[in-house]
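The values are calculated or read from the model by the stated rules, or taken from the named source; none is laboratory data. Just so we're clear, the structure is a prediction, and the values are computed from it rather than from any experiment. Cβ coordinates were reconstructed from backbone atoms using ideal geometry, including for glycine residues, and neighbour counts include every protein chain displayed. Each accessible area value is taken on the protein alone, full model and side chains, heavy atoms only, with ligands, DNA and RNA left out. Shrake-Rupley method; radii C 1.70, N 1.55, O 1.52, S 1.80 Å.
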Amino acid sequence: MVLVSAARDYVNRMLQDISGMKVLILDSQTVSIVSVVYSQSELLQKEVFLVELVDSISKSKESMSHLKAVYFLRPTLENIQHLRRQLANPRFGESHLFFSNMLKDTQIHILADSDEQEVVQQVQEYYADFVAIDPYHFTLNIPSNHMYMLPAVVDPPGLQQFCDRIVDGISTVFLALKRRPVIRYQRTSDIAKRIAQETSKLMYQQESGLFDFRRTEISPLLLIVDRRDDPVTPLLNQWTYQAMVHELIGIHDNKVDLSGTGKLPKDQQEVVLSSEQDAFFKANMYENFGDIGMSIKRMVDDFQQVAKSNQNIQTIEDMAKFVDSYPEYRKMHGNVSKHVTLVTEMSKIVGERRLMLVSEREQDLACNGGQVAAFEAVTNLLNNESVSDIDRLHLVMLYALRYEKESPVQLMQLFNKLASQSPKYKPGLVQFLLKQAGVDKRTGDLYGNRDLLNIARNMARGLKGVENVYTQHQPLLFQTMESIIKGRLRDVDYPFVGNHFQQGRPQDVVIFIVGGTTYEESRSVALQNASNSGTRFILGGSVVLNSKRFLKDLEEAQKIAKSSTNVV
């Protein structure tokens, strides 16, 4: 429960010590931080009767002196300016200021100077500058996520901001865990190195006192890697529940927008998918799509039993019993219809896009060798009218990543076919991906064909056969975690920052992927943690990707790289 508990604990402490009616004032990022760990009804129980954004509060002049204002904001220049204006003309009886990260001295002086009417009761730093979507998975929701792909020569103005936001997020994860890590990074990635060095500087020099926690025998490990080391995982169609919902419909801050899926009642157009608030989802989030159907059928049967017993109301006692159990009954009804709607919608998309056919090929390209058969299979699917443009692009990209060196002539044939069949994709996007994440740029053994151990493992898997052809792929992250547990993560590939090194196996490891995580990877982390290996992993990233977001970032980066003087 690590990260979710830490963030919940901070929100609890903010709200419980301030009695009376409250307004909670957030910014566009702390809204996400709070909403994933605290529900609307829980806020009401803490006497929060209004939740507002700090910039919209600035526009209103109405006095609400009967309310106490609880601000929870990131300590940005913009937010300090909003606060300055609001403290100069206070609308609320009291103001309690909480910041998700470290305040600068100058910011504290600005706030003190603005508070002429002395409405500020306290100023605190509560270190929750991350969005804890699952117990072992956090994200930072960085809008300009494509920045990590830009070549070093471009060095756009927003790149420092991008790095700063990541350093802020990672540092508060360790402050929340009350630990200071040793730091390693992926050698082939300039951006991973830059973030690792800046994080180290913050933790060991600028704010070393703040991170000076009681030392454990073996320090935790922070490993910073680059999304481009495994470009395959975000391109694959997914077949486990949480990952599949994100790939086919989209999840943002544990919410799914279903407004575009047909005529749904208003209260079902946005649904919450949270392992903290939904027992069925918690039990099934990592299950295969086929098994989900069976689990939902059982849930519907259970609900029908309950509904039947509720129809049989004959006495006053029966009625009283029904009224008592009604909130639970309604919640159950809402849950059943939510999961039935999601699975129905996904089944429809799977049928329309022929995803079973497409996905079997994708998995083959990611997991099994055989270039001649692969070329033929991809060519056939490119010619298939019922395969969508986006799936054609995925297939060509997956083929290119695997066989860029083996079959350049056939690769050109696929590029030409893609251009004629799906003209909406600009030529050059696949080539840009290879430039970014081709074999020469990668550190890890993505296809298990460089390392003898991995080759043997692949052969064994081939002989045994696979349980499910749609979920045979394992992200590169799985190998990385195995290497850490066995003490085999090579220093030459993942150097340490500074003069630190690690003796023995770390008990806590945070792996941060610059460029974003996927739900397939967070599933790997959860399953690894459940295996009780003695090492606990936490996964973090700049965003949570699905293939749509990965391609959008790729297109943005390509556009900027093209328009810069150094044409890439």
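Here are the numbers:
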quantity: Residue check, ARG361 outside any loop (DSSP other than H, G, I, E, B), more than 22 Å from LYS435 (Cβ to Cβ) and charged (D, E, K, R); calculated: yes
quantity: Residue list for segment 356-397, restricted to those being under 12 Å from GLN421 (Cβ atoms) and among the small types (Gly, Ala, Ser); calculated: SER388
quantity: Qualifying strands (runs of 3 or more DSSP E) (wholly inside segment 107-193; at least 3 residues being more than 30 Å from ALA88 (Cβ to Cβ)); calculated: 131-134, 137-139, 182-185
quantity: Long-range neighbours under 7 Å by Cβ, at least six apart or interchain, first residue of a type in the set (Ser, Thr, Tyr) within segment 332-358, second in a helix (DSSP H, G or I); calculated: SER337/GLN268; THR341/GLN268
quantity: Complete set of residues in segment 177-203 that are under 18 Å from LEU539 (Cβ atoms), open to solvent by 20 Å² or more (accessible area, probe 1.4 Å) and of a type outside the set (Ser, Thr, Tyr); calculated: LEU177, ARG179
quantity: Members of segment 95-146 that are out of contact with any Ser or Thr (no Cβ under 9 Å at 6 or more places or on another chain) and among the charged types (D, E, K, R); calculated: LYS104, ASP105, ASP113, GLU116, GLU118
quantity: Candidates ILE249, ILE218, ILE224 - the one that is in contact with a helix residue (DSSP H, G or I) (Cβ under 7 Å, 6 or more places away or on another chain) and under 19 Å from PHE496 (Cα atoms); calculated: ILE224
quantity: Members of segment 529-550 that are open to solvent by 10 Å² or more (accessible area, probe 1.4 Å), under 15 Å from PRO231 (Cβ atoms) and either in a helix (DSSP H, G or I) or without any contact (Cβ under 8 Å) to a residue 40 or more places away in the chain (or both); calculated: LYS548, ARG549
quantity: Filter pass, PHE501 being farther than 20 Å from ALA366 by Cα, touching a strand residue (DSSP E or B) at 6+ places or on another chain (Cβ under 9 Å) and open to solvent by less than 60 Å² (accessible area, probe 1.4 Å); calculated: no
quantity: Given (1) hydroxyl-bearing (Ser, Thr, Tyr); (2) under 32 Å from the mean Cα position of the chain (by Cα); (3) open to solvent by 20 Å² or more (accessible area, probe 1.4 Å), number of the condition SER422 does not satisfy; calculated: (3)
quantity: Among the residues listed as VAL123, VAL167, VAL154, the single one being more than 22 Å from the chain's Cα centre (by Cα), of a type in the set (A, V, I, L, M, F, W, C) and modelled with pLDDT of 90 or more; calculated: VAL123
quantity: Residue in segment 5-21 that is more than 30 Å from the chain's Cα centre (by Cα) and open to solvent by less than 50 Å² (accessible area, probe 1.4 Å) present; calculated: yes
quantity: Counted residues, segment 39-51 - those being surrounded by 14 or more Cβ atoms within 10 Å (Cβ to Cβ) and either in a helix (DSSP H, G or I) or among the β-branched types (Val, Ile, Thr) (or both); calculated: 4
quantity: Some residue of segment 27-38 being among the hydrophobic types (A, V, I, L, M, F, W, C), open to solvent by 70 Å² or more (accessible area, probe 1.4 Å) and in contact with a helix residue (DSSP H, G or I) (Cβ under 9 Å, 6 or more places away or on another chain); calculated: no
quantity: When residues of segment 399-432 are limited to those that are assigned to a helix (DSSP H, G or I) and polar (S, T, N, Q), the one nearest to LEU381 (Cα to Cα); calculated: GLN421
quantity: Hits in segment 58-85 - residues which are at pLDDT 90 or above, open to solvent by less than 70 Å² (accessible area, probe 1.4 Å) and not hydrophobic (A, V, I, L, M, F, W, C); calculated: LYS68, TYR71, ARG74, PRO75, THR76, ASN79, GLN81, HIS82
quantity: Close pairs (8 angstrom Cβ cut-off, 6 or more residues apart or separate chains): within 28 Å of PHE174 (Cα to Cα) in segment 76-104, part of a helix (DSSP H, G or I) and acidic (Asp, Glu) anywhere; calculated: ASN101/ASP168
quantity: Cβ pairs under 8 Å, 6+ apart, first in segment 118-132 and closer than 22 Å to VAL2 by Cα and among the hydroxyl-bearing types (Ser, Thr, Tyr), second open to solvent by less than 20 Å² (accessible area, probe 1.4 Å) and in a strand (DSSP E or B); calculated: TYR126/PHE72; TYR126/PHE98; TYR126/PHE99
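The rows are residues; the columns are (1) free of Cβ contacts under 8 Å to residues at least 60 places away in the same chain; (2) under 23 Å from the mean Cα position of the chain (by Cα); (3) open to solvent by 20 Å² or more (accessible area, probe 1.4 Å); (4) over 12 Å from VAL343 (Cβ atoms).
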{"site": "PRO265", "(1), (2), (3), (4)": "yes, no, yes, yes"}
{"site": "SER275", "(1), (2), (3), (4)": "no, yes, no, yes"}
{"site": "ALA279", "(1), (2), (3), (4)": "yes, yes, yes, yes"}
{"site": "TYR286", "(1), (2), (3), (4)": "no, yes, yes, yes"}
{"site": "LYS297", "(1), (2), (3), (4)": "yes, no, yes, no"}
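Here's the yes/no breakdown for (1) part of a loop (DSSP other than H, G, I, E, B); (2) on the phi < 0 side of the Ramachandran plot; (3) at pLDDT below 95:
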site	(1), (2), (3)
ALA460	no, yes, yes
VAL466	yes, yes, yes
GLN474	yes, yes, yes
LEU477	no, yes, no
SER483	no, yes, yes
LEU489	yes, yes, yes
VAL492	yes, yes, yes
